[in-house]
1. Can you tell me which condition ARG294 does not meet? The list is (1) surrounded by 15 or more Cβ atoms within 10 Å (Cβ to Cβ); (2) assigned to a strand (DSSP E or B), and all the others hold.
2. Taking the stretch 318-345 on its own, how many of its residues are of a type in the set (Ser, Thr, Tyr) and farther than 20 Å from THR160 by Cα?
3. Out of the stretch 134-184, which residues are of a type in the set (Val, Ile, Thr) and in a helix (DSSP H, G or I)?
4. Just a yes or no: is a residue in the stretch 308-318 touching a residue at least 12 places away in the same chain (Cβ under 8 Å), farther than 24 Å from TRP95 by Cα and under 34 Å from the mean Cα position of the chain (by Cα)?
5. Of (1) outside any loop (DSSP other than H, G, I, E, B); (2) buried (at least 16 other Cβ atoms within 10 Å of the Cβ), LEU537 satisfies all except one. Which?
6. For the stretch 491-542, enumerate the residues that are more than 21 Å from the chain's Cα centre (by Cα), polar (S, T, N, Q) and at pLDDT below 95.
7. Among the strands (runs of 3 or more DSSP E) confined wholly to the stretch 543-653, which include 1 or more residues that are over 29 Å from ARG680 (Cβ atoms) and either outside the structural domain of PRO425 (by the TED database) or in contact (Cβ under 8 Å) with a residue 12 or more places away in the chain (or both)?
8. Kindly list the number of the only condition in (1) part of a helix (DSSP H, G or I); (2) not assigned by the TED database to the domain that holds GLY549 that fails for ASP483.
Amino acid sequence: MSTDIPKTQKAVVFYENGGPLNYTDIPVPTPKPNEILINVKYSGVCHTDLHAWKGDWPLDTKLPLVGGHEGAGVVVAKGSEVKNFEIGDYAGIKWLNGSCMSCELCEKSFEANCAKADLSGYTHDGSFQQYATADAVQAAHIPKGTDLAEVAPILCAGVTVYKALKTADLAAGQWVAISGAAGGLGSLAIQYAVAMGYRVLGIDGGEEKGKLCKELGAEVFIDFTKSKDIVKDVQEATNGGPHGVINVSVSEKAIEQSTEYVRACGTVVLVGLPAGAVARAQVFSAVVKSVSIRGSYVGNRADTREAIDFFARGLVKSPIKIVGLSELPEVYQLMADGKILGRYVLDTSKYPTSSSDTSGDIKSHKKPTMTLPEKQKAVIFYEHGGPLQYTTVPVPQPSSTQILINIKYSGVCHSDLHAWKGDWPVPTILPLIGGHEGAGVVVGVGSQVKNFKIGDLAGIKWINRTCLTCEYCIGGEETCCQDQDVSGYTVQGSFQQYVLADAIQAAKIPKGSDLKEVAPLLCAGLTAYKALKKANLQQGQWVAIIGAGGGLGTYAVQLANAMGFRVLAVESGSKKEMIEKVLKPEVFVDFMACGDVVETVKKITNGGAHAVINFSASEKAMNTGIKYVRTLGTFVIVGMPANAIVQSDVGDQVDKQYNIKAISVGTRAEMVEVLGFYERGLVKSNVQVFGLSELAKVYELMEQGKIQGRAVVDTSR
């Protein structure tokens, strides 16, 4: 499917802050490989756009600038790397146009707070034009058939107030006060609050605004221009004060008042940004009332999806007035005068564009590269269970979103053994180079990569790439993505000297790290840490680790110690000395010599472990471990015995109310945390180093259970 795209378009541009707003012709931009081009039909106008033009916020804008960040339209072109949009899809431009997707905040789904955020209408030309570009990962999916004029304000105003309401952490039936309730954000906040089951008190000035608030669902309206004691009036109307307050007004005084009338143990959420304002609260009162004051910025991708869903289901409507794009200066004046009810929306289609076509090529900007060999050593197999051939293969070239890592060491995991055998229900490509714990040095960087440079230390993990756009990726659980590439399974892995990795998923390894020690952390350490987090323990509680002397168990014991848990290691007596001297759990239990392991563990832990984590490949050990979980405890499954069935006594589980959870590998955020433990010296790797050419021997030792800790292969031999 193709569409005609003009060479020029109408836009509103300014060349200096506070200067003329020029309604003029400018070139239509060409999307980068990671971007989409949206034919913007409508754009909401936000107070932030007014501040961008004035330049009165402590946030630099690009100049010249096309403002706007609430653009709704149709995708008319897409870059070569874009997979989540098609030509003809409805899409939205948000405040957050793009982020690095690889920093600590992005990894935890706080991408709006990314230090490298690219902001629509601030650092990236925005939606006050007929054609605008957006990073495909951050662009909003809009359901087909949606009224684009009405959905436009949802993309910032709606998402922002929805996020603020979530930040208030209210329960259905509780009171929320919305200060600035009749404005662009407030009018939407009322509707979202009603849809979420809250009781709403609106605060604003004037009869017309009061009427609008009541029509939108506010149970009570207070006109601050008529109230003699707004603190008293709000508290009386809500029987003691609202449980939460959403401040979307641009009044410093209103913020201070909200800290006084909020209910004890309530939450004041700051959204509106009065120029130079300071949030003031009486310390004694705030402490005695246990009041929380929180800032809430724009929402993330998950918040955007949810906010649009409320709109699509008819639970939220945008009270809008539509004007032409050329009328933006008049809209700004009305904003500055406080005369806007609801939201003004600009219609870009009133002013026709040129019908001429363009077909611009996507340009790539090459980054520095190193001189690389054409060939490398690798271990490859052509059929499951077939010969493991130590041979020469070509060095791959990174795509625009990938890095090329010169692998120095790679850990060897039981998953690699299963990939070779083909006995797991996870399909592999053939021929295949296995491995997913590779640590090395970046020697090649794709044109779109921003988070790595040549010479950085980097790691390849089990997850090589994910879509970044599904509900799991958006929610920070990319390990559950259904469109993922797995290193050493669906893409070539780390049993080679040079390997490709998606830059967003690749692990950043601290400078000065011992790469042979770090390599096993990239899967074994990460998985063990994920299991401990999934157990949801408190410091000082007992965790029993089954298979404590294996590749994952050795990390689990150390991480559990570092996290402040009491550790009971369950393993065979042959590994007792290593576990006690090196790993140092509080208690070691030899399951082969202790008699009744269930009663032994229960006695030591005074009733059972608060959590039991099974890393063993024994079905018997797994199902025995369930029996020594404490009441209200958690049993975590990590080890995967072939064709095993987990079994629990239903009556016992209901009576004791314990949980059984299964986990896969950890997320990007958890990888950063694990490497932090390593960097602080709290986790060490117990490794046996072999040459890459000895991989077949390593697999044999694994099957015989003769590897203590983790096997690592040196790719140089």
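The values are calculated or read from the model by the stated rules, or taken from the named source; none is laboratory data. What you see is a predicted model, and the numbers here were worked out from it, not measured in a lab. Don't worry about glycine lacking a Cβ; one is built from the backbone with ideal geometry, like all the others, and counts go over all protein chains shown.
1. Of (1) surrounded by 15 or more Cβ atoms within 10 Å (Cβ to Cβ); (2) assigned to a strand (DSSP E or B), only one is false for ARG294: (1).
2. 2
3. In the first step, residues of the stretch 134-184 are kept if they are of a type in the set (Val, Ile, Thr); the result is 137, 142, 146, 151, 154, 159-161, 167, 176, 178.
Within the stretch 134-184, VAL151, ILE154, VAL159, THR160, VAL161, THR167 qualify.
4. Looking for residues that are touching a residue at least 12 places away in the same chain (Cβ under 8 Å), farther than 24 Å from TRP95 by Cα and under 34 Å from the mean Cα position of the chain (by Cα), one finds none in the stretch 308-318, hence no.
5. All conditions pass for LEU537, except number (1).
6. The answer is SER513, GLN538, GLN539, GLN541.
7. Correct list: 587-590, 629-637.
8. (1) is the only condition that ASP483 fails.
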